[in-house]
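Worksheet: the structure to be examined is printed underneath.
The values are calculated or read from the model by the stated rules, or taken from the named source; none is laboratory data. Everything quoted here is computed from the prediction, not taken from an experiment. Quick reminder, even Gly has a Cβ in these numbers, built from the backbone with ideal geometry, and neighbours come from all protein chains shown. Surface areas here come from the heavy atoms of the whole protein model, side chains and all, with no ligands, DNA or RNA. Shrake-Rupley method; radii C 1.70, N 1.55, O 1.52, S 1.80 Å.
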Amino acid sequence: MVRAPCPLLLLLLLLVPPLLQLSAATPEPCEIDDEDVRCVCNFTDPEPDWSSALQCMSALEVEVHGSGRSLQQFEKFADTNPKEYVDLVRALRLQRLTVGAAQIPAPLLVAVLRGLGSSRLKQLTLVDLEVTGTMPVPPLEDLGPKLLTLSLRNVSWATGDAWLAKLQQWLKPGLKKLNIAQAHSLAFLCADLHTFSSLQTLDLSDNPALGERGLTAALCPNKFPTLEELTLRNSGMETLSGVCAALAAAGVKPQRLDLSHNSLRATTQGAPACTWPSALNSLNLSFAGLEQVPQGLPAELSVLDLSCNRLRKMPRLEELPKVTSLTLDGNPFQEPDASKYQEVPNSGVVPVSTCSALAMGMSGTVALLRGAGALA
């Protein structure tokens with residue numbers, strides 16, 4: 001009976017890459033910090049000591065490096081009944097788990113989710129993962145955890161366009177934030193997808209091949225009724241009108257929209273007019289290569305970030321009638337004497353850190369510092 005929990009714990013703890021680089025001289029495959037908060041495993045040895053993962057039982061955050069190996073050998077544990085270990089799983093402190101750098105059979109991934117169904121896990125990240133085989137049909141009970149945040153980066157699925165619907169079936173409702181980057185497919189099978197009834201944030205950044213047509217396919221109509229924030233950094237967007245049309249087609253009505261790190265151009269001449277969601281009041285157009293304030297901005301826009309573009313003159317008040325918080329740092333018109341734009345009382349212009357080559361190339365590292373004010 002003492003050895004019984006081991007297969008389940010190994011199943012839960014041996015799949016994940018570290019968020020920070022580990023030294024090649026790490027003496028143990030797994031190490032936990034002195035505060036029992038973060039446990040990191042690095043299974044690079046040809047014959048790894050999997051039992052080292054048991055050190056992670058007391059951690060809040062677990063990261064395990066799978067070194068790209070196949071986990072086919074552990075598929076025999078996929079039929080483990082989670083009810084046998086429910087008390088043990090409930091006792092775990094685990095709240096954040098990152099899974100990746102491995103080839104994992106779909107039944108094994110499902111077994112991990114089922115095993116964590118009674119845990120305190122709130123944040124799950126899948127990175128550089130290849131999911132092979134077919135996702136089984138979920139039972140009426142024993143579903144996975146009730147996550148608040150689900151993040152996926154460079155994850156491939158043998159189930160093709162059905163992958164999100166298949167994964168969604170194994171998670172309890174209540175997801176608040178969904179991040180999908182470097183996806184192999186975002187053309188979801190909308191008919192099979194359940195409504196994300198609690199989702200507030202959808203981040204499709206770092207999918208440069210997505211484009212406006214892909215966005216229309218990804219935003220399944222009426223599947224995101226509570227969405228408040230949509231982030232589309234470095235996602236192949238080209239025009240504001242195209243993005244507006246995609247939102248309108250899907251009935252998505254965010255309050256905040258991030259289109260930074262896209263090469264935006266003026267709306268095509270003769271393109272049909274589009275009405276933005278009335279709730280949309282914050283728009284990020286930084287690092288977008290804009291040479292002038294674009295036409296067709298949301299009518300109720302109050303927060304606008306135009307930093308690190310190619311603007312050669314200060315925007316006119318009539319171009320931004322309701323904007324009360326405007327970020328303009330890093331545009332050419334400020335270079336001769338940027339200070340005079342920052343000293344105008346109640347101008348609403350917010351200074352931010354200088355645009356750097358590093359920030360220009362990395363969509364996820366730009367920090368926006370907004371301030372209160374009103375355009376006079």
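If you average 1/r across every pair of different Cα atoms in the range 141-180 and take the reciprocal, what Kirkwood value do you get, in Å?
On the way: mean 1/r = 0.0907 Å⁻¹.
That comes to 11.0 Å for the range 141-180.
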Over all distinct alpha-carbon pairs, what is the Kirkwood Rh of the range 204-260 in angstrom?
11.1
Under 13 Å from a point 7 Å along the Cα-to-Cβ line of Arg69: which residues of the range 92-132 have their amide N that close?
102-103
In Å³ and rounded to a whole number, note down the convex hull volume per residue for the Cα atoms of the range 93-242.
106
May I ask you to work out the translational diffusion coefficient for the range 44-99 at 10 °C, viscosity 1.306 mPa s, via Stokes-Einstein with Rh from the Kirkwood sum over Cα pairs, reported in whole µm²/s?
120
Could you tell me, in Å, what Rg and Dmax come out for the Cα atoms of the range 173-223?
11.0, 30
Tell me, rounded to the nearest percent, the portion of alpha carbon pairs in the range 71-152 spaced more than 14 Å apart.
64
Can you give the accessible area per residue of the range 66-194, in Å², using a 1.4 Å probe?
44
Distance cut-off 16 Å, percentage of C-alpha pairs in the range 107-157 lying past it:
45
Percentage relative contact order, the range 144-283, counting C-alpha pairs under 8 Å, at least six apart
19
